[in-house]
Amino acid sequence: MLLRRLARPLLAVPFVYDGVSTALRPAEHTEAARRGADTVTEALGVEPLDDTQVSLLVRAHGGATALAGLLLAVGRTPRSAALTLAALTAPLAVVNQPFTSKGDERRERTDKFVKNLGAIGAAVIAGIDLEGRPGVSYRIAQKRAAASKSAHHAVESASTSGKHAVENLERSGKHAVANAKRSATYARRSASASARHATQQVERELRSTAKNAKASAKSAKATAKSARASAEKAAAKAAAKVS
């Protein structure tokens, strides 16, 4: 972290210096800006810019470069500021390309071109520096992995819940069948016991009735015997009187 706080201002110094110099003295860069502007206007098929417009364009480019350099130096949105500096320096590299010039001009353009390429590379590196934080691709991969793991866990949970539900249904069915069998057994035993009790009760009542009938018959027999004896005595007594 300390190295970044030192490196960013050091990287921003050339951009701020060039930007301020360009904004204050645009005439030094008008020729190169004219070449770039003519190339763009010719490609677009519009009228070329006049000197005032080119000078204003150079000043605006210098001011934007200085502002982005200051933001990078103080650490305010450093990544965006660095990428902005890279984007602002790219046109300079195109304008200063040495491949269409010769002699001293070519050497001068080559120096500027190489300097611009180095500035673009340094700004891009500063722009993609995540300061130890995970990048977007890593976070996306982690979220995908987490989503996949969650889906896998959900499937496993659903499968486990389904298995438990089936097992519970099977156990409930087995318990219901067992309860029904026990209920049928109890009912059968109860019916059998009730039938035995009813049979025994009938047998006891029949035995009691037969016993009572036998006692009645015996009493009637004794009564008849007594009546016959009484009749014989009365007959004997009547016969004795007649004699």
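Among the listed residues A126, A86, which satisfies the condition of being within 47 Å of the chain's Cα centre (by Cα), more than 30 Å from T39 (Cα to Cα) and in contact (Cβ under 8 Å) with a residue 40 or more places away in the chain?
Values: A86 fails: more than 30 Å from T39 (Cα to Cα).
Going through A126, A86 in turn, the sole match is A126.
Tell me, please, whether a residue that is closer than 17 Å to A122 by Cα, in contact with a Phe, Trp or Tyr (Cβ under 8 Å, 6 or more places away or on another chain) and in a helix (DSSP H, G or I) can be found in the stretch 2-16. Lay out the reasoning, then the answer.
To start, the set of residues in the stretch 2-16 that are closer than 17 Å to A122 by Cα comprises 3-16.
If we keep only those that are in contact with a Phe, Trp or Tyr (Cβ under 8 Å, 6 or more places away or on another chain) as well, we get none.
Scanning the stretch 2-16, I find no residue that is closer than 17 Å to A122 by Cα, in contact with a Phe, Trp or Tyr (Cβ under 8 Å, 6 or more places away or on another chain) and in a helix (DSSP H, G or I), so the answer is no.
Out of all the residues in the stretch 21-33, which are open to solvent by 50 Å² or more (accessible area, probe 1.4 Å) and not hydrophobic (A, V, I, L, M, F, W, C)? Break it down stepwise before answering.
Here is the first cut: in the stretch 21-33, the residues open to solvent by 50 Å² or more (accessible area, probe 1.4 Å) are 24-25, 27-29, 31.
Within the stretch 21-33, R25, E28, H29, E31 qualify.
Return yes or no: is T65 in contact with a Phe, Trp or Tyr (Cβ under 6 Å, 6 or more places away or on another chain) and either among the β-branched types (V, I, T) or more than 26 Å from L130 (Cα to Cα) (or both)?
Numbers: in contact with a Phe, Trp or Tyr (Cβ under 6 Å, 6 or more places away or on another chain): yes; either among the β-branched types (V, I, T) or more than 26 Å from L130 (Cα to Cα) (or both): yes.
Yes, satisfied.
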Close pairs (6 angstrom Cβ cut-off, 6 or more residues apart or separate chains): open to solvent by 60 Å² or more (accessible area, probe 1.4 Å) in the stretch 34-61, among the basic types (K, R) and in a helix (DSSP H, G or I) anywhere: none
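The values are calculated or read from the model by the stated rules, or taken from the named source; none is laboratory data. Note that this is a predicted model, so its numbers are computed, not measured. FYI the Cβ positions are ideal-geometry reconstructions off the backbone, even for glycines, and counts take in every protein chain you see. For the accessible areas, the whole protein counts, side chains as well, though only heavy atoms, and no ligand, DNA or RNA atoms are used. Shrake-Rupley method; radii C 1.70, N 1.55, O 1.52, S 1.80 Å.
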